[in-house]
Amino acid sequence: MIDPLLEDAQTVAAAIARLAGRDLSALSGHEGVNLLGVLTPALDQLNAVRLETVGVVADSGVWSLDGTRSAATWLARVQRTTRPAAGSDLKTARALRGHLPLTSAALLEGSVPVGHARILARTCLKTEPMRAMLTDPDRGEGFLLTEAGLGAEDFQKFCAAWAYRVDPDAGDACYQDTKDACYLTVSPTTGGAKLDGFLTPLAAETLTLVLPAEIGVSAVTDFRTTPQRLHDALESVMNRVLAGGQLGDHASVRPNLVVNVPYATFEALALKAGTSKADLVGLPPATLGQSGQVISRVILERMMCDSQVSRVVFGPKGLLLDLGRAARTFAGARRRALDAHDGGCMYPGCDAPPCQCEGHHTDPGGWAAGARTDARHGGILLCYHHHDHVHQRDIGISRDERGNWVFTDRYGRTLGTSRPRSLEPDLFNPAQWDTAV
């Protein structure tokens, strides 16, 4: 005889199989919304039954009969999931059976989503005072479930506030647990690197404040996605920290972003104004000093605009023959003059301040071809994003008869103009208003 519960489960599985076999591509948006309205609470109830069953199996010890060493390992194999995911299910199931009876009942009724049950199990059972307070008729589990209508993030905050009020000392222990779990990795991969990590709430809050502030208000012509702009903002902050020279004050060598450029490649780029890009074919690439990754011509040209350049000559068998003194392209009084002259990024529509900008040589070939490094001849301020954009798109920059910067594409078409701050009229001198350009 088939167990009634198993028979019901087989009926549900058959209904799911029929639903999965339907062609859903013809659904309208409104029909999809209605279908989700039926499926979502049903899935929550089905998950509630599954977690209840997981708890029964875990407590019975049946999972160990085949030699498996732990219930989480057995569950991961049965559910075809990862060990951490199975451990989370097991923890929630045991919390529901041992400490959260009202939540378990609400789950089975479909009045509470499974995500909220996970939050309760993760947040409100950490210490003995919390577990004792859950049984309180006024401020216990029932009180927490009165706010189950909140969204997941708000419910998490509510439960965290409850846990703090019940046992303030647990907050320090929880913070230390979070601190111990934090990590940040940068893994080189094809063409770049993969960033992964887990941050403390404070570090995450700081990052979410810093990066949007660095982005500012985007220009009308800025078509980057938000994730792309966040990436560029992070790069901008890091560049400013390195340029400020505040790191490694007591070290023998301060941290610097080093790029190794073979002389033949450097020389070819210096003559780019009179040659074609095809002349770079066959030349050795520039590489990042630490990882050895090859960088593109566009990035190299941009970095050569405003960086320190050192000459290092090697002879046969790697013998060091000559070491030239580092010379920065825009530095000291020259950079201060450029800041005062332009007052920020000069790309049309951009309002990035000088601290987010690099010096760019507007003369063909740039600094490598002997361009003058001053504000009067070939210097202009561009933010990190637009500096890269100008090199990538071969955008030309020149002055018109009034002293405004004119930006043109590779075909000579005007993209826009901008006015340096030094040409702004003196608002306290009305005589200048009519003559202002």
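May I ask you to verify whether residue 221 is assigned to a loop (DSSP other than H, G, I, E, B), hydroxyl-bearing (Ser, Thr, Tyr) and either modelled with pLDDT under 85 or touching a strand residue (DSSP E or B) at 6+ places or on another chain (Cβ under 9 Å) (or both)?
Yes, satisfied.
Residue-wise test of (1) in contact with a Leu (Cβ under 8 Å, 6 or more places away or on another chain); (2) open to solvent by 40 Å² or more (accessible area, probe 1.4 Å); (3) assigned to a helix (DSSP H, G or I).
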residue	(1), (2), (3)
53	no, yes, yes
63	yes, yes, yes
73	no, yes, yes
78	no, yes, yes
86	yes, no, yes
96	yes, no, yes
105	no, yes, yes
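All but one of (1) modelled with pLDDT of 75 or more; (2) closer than 26 Å to residue 416 by Cα hold for residue 273; which doesn't?
Of everything listed in (1) modelled with pLDDT of 75 or more; (2) closer than 26 Å to residue 416 by Cα, residue 273 misses just condition (1).
Within region 407-417, which residues are open to solvent by 20 Å² or more (accessible area, probe 1.4 Å) and in a strand (DSSP E or B)?
Once the filter is applied, which keeps residues that are open to solvent by 20 Å² or more (accessible area, probe 1.4 Å) and in a strand (DSSP E or B), region 407-417 yields 408, 414, 415, 417.
State whether one or more residues within region 248-262 are modelled with pLDDT of 80 or more and out of contact with any Cys (no Cβ under 8 Å at 6 or more places or on another chain).
No, there is no match, as no residue in region 248-262 is modelled with pLDDT of 80 or more and out of contact with any Cys (no Cβ under 8 Å at 6 or more places or on another chain).
Testing residue 112 on (1) open to solvent by less than 50 Å² (accessible area, probe 1.4 Å); (2) in a helix (DSSP H, G or I); (3) under 30 Å from residue 146 (Cβ atoms); (4) among the β-branched types (Val, Ile, Thr), one condition comes back false. Which one is that?
Among (1) open to solvent by less than 50 Å² (accessible area, probe 1.4 Å); (2) in a helix (DSSP H, G or I); (3) under 30 Å from residue 146 (Cβ atoms); (4) among the β-branched types (Val, Ile, Thr), the lone unmet condition for residue 112 is (2).
If you check every pair at least six apart or on different chains, which have Cβ atoms under 8 Å apart with a residue in region 135-160 that is surrounded by 14 or more Cβ atoms within 10 Å (Cβ to Cβ) first and a residue that is of a type in the set (Ser, Thr, Tyr) and outside any helix (DSSP H, G or I) second?
Close Cβ pairs (under 8 Å, with a partner that is of a type in the set (Ser, Thr, Tyr) and outside any helix (DSSP H, G or I)) amount to 141/135; 148/111.
Within region 123-132, track down each residue that is in contact (Cβ under 8 Å) with a residue 12 or more places away in the chain, open to solvent by 60 Å² or more (accessible area, probe 1.4 Å) and in a helix (DSSP H, G or I).
Correct list: 129, 131.
If you scan region 9-51, which residues turn out to be hydrophobic (A, V, I, L, M, F, W, C), surrounded by 12 or more Cβ atoms within 10 Å (Cβ to Cβ) and in a helix (DSSP H, G or I)?
Passing the criteria: 9, 12, 16, 35, 39, 42, 43, 46, 48, 49, 51.
Mind listing whichever residues of region 161-191 are closer than 26 Å to residue 132 by Cβ, open to solvent by less than 100 Å² (accessible area, probe 1.4 Å) and either in contact with a helix residue (DSSP H, G or I) (Cβ under 9 Å, 6 or more places away or on another chain) or at pLDDT 75 or above (or both)?
Hits for region 161-191 are 161, 162, 163, 166, 167, 168, 170, 171, 174, 178.
The values are calculated or read from the model by the stated rules, or taken from the named source; none is laboratory data. Note that the coordinates shown come from a computational prediction; the quantities given were computed from them, not determined experimentally. Cβ: placed from backbone, ideal geometry, glycine included. Neighbour counts: every protein chain shown. Protein only, heavy atoms only, side chains kept; ligands, DNA and RNA dropped before computing areas. Shrake-Rupley method; radii C 1.70, N 1.55, O 1.52, S 1.80 Å.
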